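The values are calculated or read from the model by the stated rules, or taken from the named source; none is laboratory data. Since the model is a prediction, treat every value here as computed from it, not as a measurement. Using ideal geometry, Cβ is built from the backbone for each residue, glycine included, and neighbour counts are taken over all protein chains shown. Just so you know, the surface numbers come from the protein's heavy atoms only, side chains and all, with ligands and any DNA or RNA stripped out. Shrake-Rupley method; radii C 1.70, N 1.55, O 1.52, S 1.80 Å.
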Amino acid sequence: MTFGYNADAAFGNTTADIVDHAKDLLSSLIDKREEEDENRRPIIFIAHSLGGIVVKQVWNYAFGPL
């Protein structure tokens with residue numbers, strides 16, 4: 001599964017766009033993992049640069065700060 005977003009957030013003055021991307025990613029994961037056996041499968045994220053920040057925001061949004 002791949003996830004894409006507009007990376008212009010990296011050059012803005014706000015983190016709101018990053019939070020929005022994280023919420024979109026989390027929503028997509030929830031939609032794709034509806035079955036019980038799918039929910040038990042581990043997730044491995046491979047991210048680079050801004051993608052790593054988005055993944056960290058997903059974690060913070062879902063589970064709280066690291």
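Laid out as a table, the results:
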quantity	calculated
Label-to-label distance, nm, for residues given as D8 and W59 (7 Å Cα→Cβ offset)	2.9
Accessible-area composition of the chain, carbon plus sulfur, in percent [1.4 Å probe]	53
Degrees separating the helix 16-32 axis from the principal Cα axis of the chain, which is the longest one	20
Rounded to whole Å, sorted largest first: equivalent-ellipsoid semi-axes of the chain, Cα gyration tensor	23, 12, 11
In segment 27-66, GluC sites (Glu not before Pro) in a DSSP loop with at most 12 other beta-carbon atoms within 10 Å	E34, E35
Charge dipole (the chain, unit charges on Cβ, about Cα centre) - positive-most of M1, P42, L29	P42
Accessible area in square angstrom per residue, the chain, 1.4 angstrom probe	80
Using alpha-carbon coordinates, inclination of helix 50-63 to the longest axis of the chain, degrees	50
